[in-house]
C-alpha cells in the first residue's frame, strides 16, 4: 500500500496537519491537544483500513484478470457494493464474457475449417481415383471404342471436379464476406430461363416434361448472376430426382408481401431423416448410392439468404419434392 506515491503523500500531509493542530491544541489547553491527536489517530486508522480493503479488492480483481489472460474456465467475478470498484468489476465481467464468446466462436470456426478440409479431400479423392484408374487402363487398351468411352468418362470426372472446386471457391468467398451483391430489379421469367439454359440438353436426353407457370412482369430485387447460380443448383437437384420420363414444374406467384417461386418434381421425394439436413454443407443423404457432393443446396441457401430471401424444401403431398423460394417486397 505504501508503495503508492499518493498514499505516502497523503500520510505525510495528514501527519503534518496533525502536528500543527496538536501543537495549537496543547498551546490552548492540554485536553484540546490530546483531542486533536486522538481524532487524527482515529482518522488515520480508518483511512488506512479503508484503503487496505480497497487494495484487497483491487488485488482480487487483478487475480481474476490474470485468470482471464491465461484462459481459465469457470471464471466468475464477485459483485461488489455500489461504487467505482463495482463499476470496474462489471466492465471486467462484460469483457470476460465477450472474450469467452469470441474464443468459443474461434474454436468452432477452427473445428469447422478442419472438418471442411477433410470433407473436401474426401470429395476430391473419389473422382481423382477413378480418373487415375481410367488413365492406367488407357495405356494398355487397344480398342478405339473403349478408349473413346473411357476418355469421355474421364472428361466427365474432370468436369465434376471443376464444378466442385468452383462451388467450394464460391462458398469460401461467401464465408469470408468478400462478395458484394448487386441490388437490381430482376425479371423472374428471364431469371428462370437463364438458370434453365445449361440444363436443357440433359433434361431433353432424359425426356423430362417441364411445365413453367410464371406470369409476365414479375420482378424481384437481387443479384441476377448469383440468383441464377442458386436456382440452377435447385433445378439440377430436381432434374436428378425426376429421372427418366419425369416431370418438373416451376410456378411463380406474386402477393402484396412477397414473391414466391416453387420448383417441384415427381421423383421419390426426401427421406424423413434427410429433411432437417438438406441444406447442410457436404450432406449427401442417408440413402444408399446417394449422388452429388452435398454442396449445391448449401450454396443455394447461402446465396438466397444473403440476398434477403428464404428457401424451404419438403415433400409434396401429391408426391415428389418441392423447393419454395420467397423474396419480400
Using a Gaussian network model of the chain with C-alpha springs under 10 Å, which one of 248, 34, 302 is most mobile by mean-square fluctuation? 34
Hey, with R₀ at 41 Å, roughly what FRET efficiency would residue 99 and residue 138 work out to, going by the Cβ-Cβ distance, to 0.05? 0.10
Roughly speaking, what is the stretch gain from residue 272 to residue 149, that is 0.36 nm per residue apart minus the C-alpha to C-alpha distance, in nm to one decimal? 40.5 nm
If packing is taken as the average number of other Cβ atoms within 10 Å across a peptide's residues, how do 137-150, 197-210 rank, most packed first? 197-210, 137-150
Counting only Cα atoms, I'd like the Rg/Rh figure for region 109-229, Kirkwood definition for Rh. 1.10
Given the options 235, 168, 88, which has the most mean-square fluctuation in a GNM of the chain, springs set between C-alpha atoms less than 10 angstrom apart? 88
Computed over the chain: longest principal axis from alpha-carbon atoms vs helix 224-242 long axis, angle to nearest 10 degrees, is 60 degrees
Please figure out what share of the DSSP beta bridges in the chain is antiparallel and state it in percent, rounded to the nearest 5. 85 percent
Which of 31, 179, 214 moves the most in a Gaussian network model of the chain with Cα springs under 10 Å? 31
Multiplying the sequence separation of residue 211 and residue 17 by 0.36 nm and subtracting their Cα-Cα distance, what value in nm do you get? 60.0 nm
Rg over Rh of the chain, using C-alpha atoms and the Kirkwood radius, what does it come to? 1.37
Kindly provide the helix-only [θ] at 222 nm of the chain, computed as the sum of -39,500 (n - 2.57) over DSSP H runs of four or more divided by all residues, to the nearest 500 deg cm²/dmol? -21500 deg cm²/dmol
Cα-based helix-to-principal-axis angle, 296-306 vs the chain, degrees rounded to 10: 50 degrees
What FRET efficiency do you get for residue 5 and residue 114 if R0 is 56 Å and r is their Cβ-Cβ distance, rounded to the nearest 0.05? 0.60
Distances longer than 20 Å among the Cα atoms of region 5-75: what percent of all pairs is that? 51 percent
With Cα coordinates, the longest principal axis of the chain makes an angle with the long axis of helix 144-176, in degrees rounded to 10, of 30 degrees
Simple SL model, points at 7 angstrom along Cα→Cβ for residue 91 and residue 240; separation in nm is 5.6 nm
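A short reminder: the numbers here are calculations on the coordinates, not readings from a lab. Keep in mind that this is a model prediction, so the values were computed, not measured. No Cβ is skipped: glycine too gets one built from the backbone with ideal geometry, and neighbour counts run over all protein chains shown.
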